[in-house]
Each structure stands twice: as structure tokens, then as C-alpha cells.
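Below is one structure, written out as C-alpha cells; the observations come after it.
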Ligand SMILES: [Zn+2]
Ligand SMILES: [Zn+2]
Ligand SMILES: [Zn+2]
Ligand SMILES: [Zn+2]
């Protein structure tokens, strides 16, 4: 497995598990692999005013009930899409399971139950359909970290709730605890988010006129390792097909990497998410480098000298010291965590304030000025405030002229940093 006609080789070792390496030098933009989904399911909408269609996974502000089960679809044809009609629709209709789900099941987003059901039902439907059975078998091969998950109380609670839903509400008692836990773990560790960009005009490469919010599982795609500076670009099409291309030249034997988490986060935050949600400690070259490839993406300003920066003495330690590159100043790990928690708190307050965009601009500038005193100018939290500011400016009719020029500079700086972690052939593709 692995090869087909693609320039990749499958490898296995104790540290990285299964992963792909380049079988020869791969040129930037070259096709690395294509994959069809094992299963596609709707994702929970990011804002509470929207609904994700259980048929096409399109996001909309209004919905219709599916004629058979009553769950939301954007148009009646979507109720007949096989991923819905042949899967959970039959169970929901038979057991009269209505949305919204009652307590205690409402503690978990409804889309999560659909994801699990679609995976499990592959086994049942596979009894009469070899293609579905093959997809069920592929799902069994995926990493699920069942034993590790059993040590995390929150996951155990969720697993029990979902199991009760499958057994008691759906009346599907044929799925035992291990089978359900494997599916849950496989979804958490391997699912890709297929989110199309609603801003792209229809007809552009990879764009549709609906904004899709789907969760997709792949066999080959799931084998690609994580990199905090990833070397591949992936594109998911509305039908769920995945295409991966080289984001830069990839030398022979180099592991292929893509991003499991947002790479526009600093090392302490990224490594924490990778450890708690993907169960590994990332020791990649960006994580091991206190300057994060020369960007100073998590660096703080020194409190004792005018031009020094505090970086982690050992970024691979979860409680590092922060030491100055110009003077003997050292800070405990709490200095950084408290500073960022305080910034996040103030950021949240502004977002929730409901002020008009003009007033918001003032609040963001104030916050920027305050934290520019404490953080390196490339610090990721400062960049995020700058993005809020840019979004506000885009919404007002007459943004202050002196700010517009600054914004152009900021956008260019952001692009440059983005490309450091997400190398890419063509600036307009992502
Ligand atoms: Zn739809
Ligand atoms: Zn239905
Ligand atoms: Zn890393
Ligand atoms: Zn200093």
C-alpha cells in the first residue's frame, strides 16, 4: 500500500507510527496523493445562528425538516442524499428521534452523534454492500488511541453518553463498547475538516456557492504526519475528495506533513493542543527552536532591558523558563501564561461588547498598544488582535486614512509569517 503512482512510500516506526515519506524529490505544486472519503458527516456550525444541512453539509441561516426524520436540510433534495437517507435518517425515523435532543444527550453537539452513527452503520450496510464493508475495514485500520482515551474523564463521560444514545435511543445494541470507542477515537484523531471558503466566487478552484462544513475521514490522508511547518497543501472538494500537493520542494525520504492544528498559534499553545487532542508531544524543528524559525512568534519583551526578548530556555518542556537574549533576566512559566490569559480575557470582553465597528476600532487599538509593550511585534496573540482590527476596518465606510496604510503593512507582515509555516506555491490558493 502507499505507492499507487504517487511519489510516496509508507513507513512505520515506534515514534511516528505509520507515515509517508517522499520516494524521490517532489517539486513544489506536484500532486502527492488523492483520496476518496471513507465517510463524510456534517460538522457543528461555528455560530449558533446557522444550521448545517444533514444532507449536503451546507451551512445556511434557514432550513427545512427532512420529510422522513425531521432533521434539518437546506432543500428537500438534500433529504435524499444517500449519506443521510441510507444512514441515520432511517434510524431517526424508526425511533422517532427528534432534534433538539433532550437532556442529557444535548450536552454533546448533535453533529457528533451523526458522525458516530454514519461510521457504525457502514458495518451494518456493509453486510449487503462490499464497497461499504471495505470502507468499514479502512476505518478499523485508523489510529484511535483507545487506551489513552480511557484515562481522560471528560472523554469517558462523552463515550458513555454516546454509547447510551446508540444503545437506548437508537436501539442499536449490536455495537459493543470497544467498537463504539474505536469509532469515537478514530474520528477525533483522524477527521479532516472540509470547510469551503464562502468568499470565493463559484467556479474558482475548489469553490462552490454553498459554504460546506463537513467532517471527512480518509485512509491515505490520515497517514500523513503532522508538522508545525507543513510541507503539503491539501484541498478538499465538495464531494469530499482530497488532493494533496507539495507546498515546497520535498527532498527524497523527507516525511510528508500537514497541519493537525492551527499553525498560526505559538509553540506553548500548539504543543498543548497536540498533546491533549492528538496524544503526542511534537518535537519538530519549529517546536524545538526557541525563536520558532526566526519569527519570535511566542517571544515576550524583556521586563529588565530595553531591547531584549524572552524566549523559552527549552521549548520542549511544558513548564519552561523564559530567558532574555540580551540580559540575565529569567521569568517563570507563569509569567507568560498569566500575561496571555489576561490578554485573552480583554479580547473576549471587546468581542462581546456589542459596540459599533467605529468604537471597536478604538478598543482594538488600545489593546494593541497595551500589549505591544509586553510582546514581540510578531507575537501570535498580537497578530490576532491586528486581524480583529482589520476586520472592523473592512466594515466601516471611511476608515481613518492614517490607519489604512498601517493595515497594508500588517497584512503583508501576516502573509509573510503565514508562508513561513504554510509554504505554498501560489499565494491565492489558500
Ligand atoms: Zn443541503
Ligand atoms: Zn432524514
Ligand atoms: Zn511541532
Ligand atoms: Zn533583558
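Remarks
- Added length on full extension, which subtracts the Cα-Cα distance from 0.36 nm per residue, residue 353 to residue 44: 108.8 nm
- Distance histogram in 20 Å bins (all Cα pairs of the chain, percent per bin): 22, 53, 24, 1
- Using alpha-carbon coordinates, inclination of helix 267-278 to the longest axis of the chain, degrees: 10
- 0 to 90° range, to nearest 10: angle between helix 333-352 axis and the chain longest Cα axis: 70
- Cβ-Cβ FRET estimate between residue 171 and residue 330, R0 fixed at 51 Å, reported to 0.05: 0.25
- Ordering 136, 71 from the fewest to the most neighbouring beta carbons within 10 Å gives 136, 71.
- Region 1-73 and region 144-196: distance between their alpha carbon centers, rounded to Å: 19
- Between helix 401-421 and the chain there is an angle of about 60 degrees, using the helix long axis and the longest principal axis of the Cα atoms.
- The distance between label points at residue 179 and residue 24 comes to 4.5 nm (points 7 Å beyond Cα on the Cα→Cβ vector).
- Placing pseudo-labels 7 Å out from each Cα toward the beta carbon at residue 95 and residue 366 gives an inter-label distance of 5.1 nm.
- Stokes-Einstein D for region 17-92, Kirkwood Rh over Cα pairs, 10 °C, 1.306 mPa s (µm²/s): 106
- For region 39-193, the equivalent ellipsoid derived from the Cα gyration tensor has semi-axes of 24, 19, 15 Å, listed largest first.
- Using R0 = 25 Å, the C-beta based FRET efficiency linking residue 317 and residue 146 works out to 0.30.
- Region 267-421 - Debye-derived log10 I(q)/I(0), Cα point model, q = 0.08, 0.14, 0.16, 0.19 Å⁻¹: -0.26, -0.78, -0.97, -1.23
- For the chain, DSSP calls about 95 percent of its internal beta bridges antiparallel.
- Each residue, residue 137 and residue 415, gets one label point 7 Å from its Cα in the Cβ direction; the gap between the two is 4.9 nm.
- As a proxy for reagent exposure, 80, 47 were ordered by neighbouring Cβ count within 10 angstrom, fewest first; the result is 47, 80.
- Cβ-Cβ FRET estimate between residue 272 and residue 86, R0 fixed at 45 Å, reported to 0.05: 0.70
Readers should treat all values here as calculations from the given coordinates under stated rules, not as data from a laboratory. What you see is a predicted model, and the numbers here were worked out from it, not measured in a lab. Every residue, glycine as well, gets a Cβ built from its backbone with ideal geometry; the counts of neighbours run over all protein chains shown.
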